[in-house]
Amino acid sequence: MTPLKQKIKAALESNPDIDIVYTTSDERVFLTSPSAGNHSRGLADRKVTPYKRTDFEATAKLKQVLTDEEVQAEIDALLAKEEAEELAKKADEKAAKEAEDLAKKEAEEKALKKPNDKMTKDQLADWLNEQDVEFDLDDLKAVLLEKATTKYNELITLTEQ
């Protein structure tokens, strides 16, 4: 509120029986038009401005209404922000749960597809044939040891390069 408006408000509050106050260009407030007119004769700008109590109070009420609307808008914005954050949190939690469930399901499926640690001689023979490995069915241990040694040496060679 400007200093002039504060003076007008103070004059109206101090004089409840007066409905109009008058101001001059030097921002002095008068209770009567003749007093303001007499004072303004000595000023370069002789304009006298009347202010009605109802206009002043209506402006103050309008500002209060706007302030209340602004407060409500701020409250609405905060509530919307909180709701958006809550929805985002729930979405993140749901996505994390879905990812965890998917990883668990994939691990279970992989575990089901994993071959047993033990193979029969026939299964081992089939696997060695698929690998194009020559072997003697009676000496499978030597074949597997040779195959493991060869793979190990290949890995060592690759890591040294």
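Read-outs throughout are calculated quantities, based only on the coordinates presented, and are distinct from any laboratory measurement. Given the structure is predicted, the values throughout are model-derived calculations rather than measurements. FYI the Cβ positions are ideal-geometry reconstructions off the backbone, even for glycines, and counts take in every protein chain you see.
Greater than 27 Å separation of Cα atoms is the criterion. Which listed pairs, Lys121/Lys151; Lys9/Lys47; Lys121/Lys147, meet it?
none
Magnitude of the Cβ-charge dipole of the chain, K/R +1 and D/E -1, about the Cα centre, nearest 20 debye?
2040
What is the mean projected area of the alpha carbon convex hull for the chain, to one decimal in square nanometres?
Result: a mean projected hull area of 24.8 nm².
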